[in-house]
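Novice: This structure is in structure tokens; I'll ask about it shortly.
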Amino acid sequence: MPEHEAGGTPTVEVRDFLRRRREQIAQRWADEPLFRTVFTVSRDEAVEAGKVVVDALAEVADAGRVEDPDAAGFSGLREQLARMGAARSRAGLSTTQVSSELAALWPPMENLLVADMGEAPPERTRECASALGVLMGTLRLVAMQAALSEGQALIDRQRLQLLEVATPVIKLWDGIVAVPLIGTLDSARSQVVMETLLNAVVDQQARFAILDITGVPTVDSLVAQHLMKTVAAARLMGAECVVSGIRPAIAQTIVHLGLDLGTVKTRASLADALGHCLHELGANIVNAAPDGAGRR
């Protein structure tokens with residue numbers, strides 16, 4: 001009697017084939033570039049990783065969902081596929097090249113399947129090979145989705161890091177910190193400004209926080225609301241927030257939008273804001289006399 005299950009559906013036979021030839025498939029995959037170059041500690045590591053993939057494929061075939069990338073069997077595999085794709089991307093491979101390496105996993109499986117079903121009618125072998133081919137195509141789709149998702153997550157992390165770098169907090173005086181803002185403000189950056197400033201208020205035990213928007217080209221209603229929320233949050237943390245550098249164009253925009261900044265302390269420049277804060281701290285500010293002045 002042949003090893004394959006007579007009378008079973010193609011997906012059932014594919015499931016049985018995957019379970020029966022799990023070791024052989026994993027051994028052959030271990031020599032393919034995708035596994036060989038990702039799992040470099042030992043060949044056994046690559047073989048074990050291959051077995052995990054084969055087990056997931058068998059689970060998907062058992063559910064009869066070989067065309068469904070959302071099949072439960074793929075859920076536990078996405079993280080591993082994302083790591084593998086990311087590793088190859090870091091090695092300089094494009095998405096197309098990674099997809100080609102995934103496609104290279106198909107021929108070793110097809111050869112094993114044909115040999116495994118040697119006594120089956122040719123039509124049956126073709127049906128099973130077709131079902132397995134569809135399953136492998138779905139695996140490629142899942143892998144590329146995972147890689148793209150991981151790539152987007154990396155972009156988001158890098159964007160957040162850039163926002164943080166572009167939002168420095170400067171200690172101007174004991175109890176006074178400032179955030180000089182340059183460039184366009186959007187909701188994401190405004191949120192980073194708030195978090196960064198509040199953390200600095202706590203770390204520096206600041207009594208005053210200055211938001212200098214001299215370098216901000218424009219302010220819309222959403223950004224203005226974020227700034228007001230930042231002022232209110234700083235006040236709750238025990239710090240007075242002063243907004244400086246409101247240029248005429250921004251002032252006109254704020255008035256045109258009907259925004260009420262009456263509760264927000266504002267100053268024309270960063271120097272004016274610093275002077276206000278120092279005065280509130282009780283410091284005496286004296287203009288330096290010109291050379292020779294006061295000399296007799």
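Novice: Starting from the amide H of Leu261, placed 1.01 Å from N in the peptide plane, find each other amide H under 5 Å away whose residue is 5 or more places distant or on another chain.
Specialist: none
Novice: Shifting gears a bit: Based on alpha-carbon centroids, what's the gap between the stretch 32-93 and the stretch 240-275 in Å, whole number please?
Specialist: 56
Novice: Given C-alpha coordinates of the stretch 10-161, what is the ratio Rg to Rh with the Kirkwood estimate of Rh?
Specialist: Numbers: Rg = 15.8 Å, Rh = 15.8 Å.
Computed over Cα atoms, the ratio is 1.00.
Novice: What is the set of long-range amide H partners of Leu185 at a cut-off below 5 Å, with H atoms built 1.01 Å from backbone N?
Specialist: Those qualifying (amide H under 5 Å, at least 5 residues apart or on another chain) are Thr218.
Novice: So how much slack lies between Ala249 and Glu123, counting 0.36 nm per residue of separation and subtracting their Cα-Cα distance, in nm? Show your work: numbers first, answer last.
Specialist: Numbers: separation 126, 0.36 × 126 = 45.36 nm, distance 7.63 nm.
Stretched out fully, the Ala249 to Glu123 stretch lengthens by 37.7 nm.
Novice: Another question about this same structure. Please find the FRET efficiency linking Arg19 to Thr96, where r is the Cβ-Cβ separation and R0 is fixed at 22 Å, and quote it to the nearest 0.05. Don't skip to the answer; put the middle values down first.
Specialist: Numbers: r = 32 Å, r/R0 = 1.46.
The computed FRET efficiency comes out at 0.10.
Novice: Ok, one more. Pull up the cross-link candidates among the lysines for Lys171, meaning alpha carbon to alpha carbon under 24 Å and not fewer than 8 places away within one chain.
Specialist: Counting by Cα, and skipping residues close in sequence, Lys171 has these lysines nearby: Lys229, Lys265.
Novice: Further question on the same structure: Of (1) 26; (2) 51; (3) 30, which is the value of percent of Cα pairs over 34 Å apart derived from the coordinates here?
Specialist: Step by step, percent of Cα pairs over 34 Å apart for this structure corresponds to label (2).
Novice: Tell me, how many Å apart are the Cα centres for the stretch 99-130 and for the stretch 188-235?
Specialist: Comparing the Cα centres of the stretch 99-130 and the stretch 188-235, I get a distance of 61 Å.
Novice: Would you calculate a helix-derived [θ] at 222 nm for the chain, using -39,500 (n - 2.57) for each DSSP H run of n ≥ 4 and dividing by the full residue count, to the nearest 500? Show your work: numbers first, answer last.
Specialist: Numbers: 13 runs with 180 residues, N = 296.
Calculated from helices alone, the mean residue ellipticity at 222 nm is -19500 deg cm²/dmol.
Novice: How much of the pair distance distribution for the stretch 177-296 lies past 20 Å, counting alpha-carbon pairs only, in percent?
Specialist: Details: 3167 of 7140 pairs.
The share of Cα pairs beyond 20 Å in the stretch 177-296 comes to 44 percent.
We did not get these values from a lab; they are worked out from the coordinates using the rules stated. Owing to the predicted nature of the structure, the values given are computational and were not obtained by experimental measurement. Cβ sites come from the backbone with ideal geometry, for glycine too, and all protein chains shown count toward neighbours.
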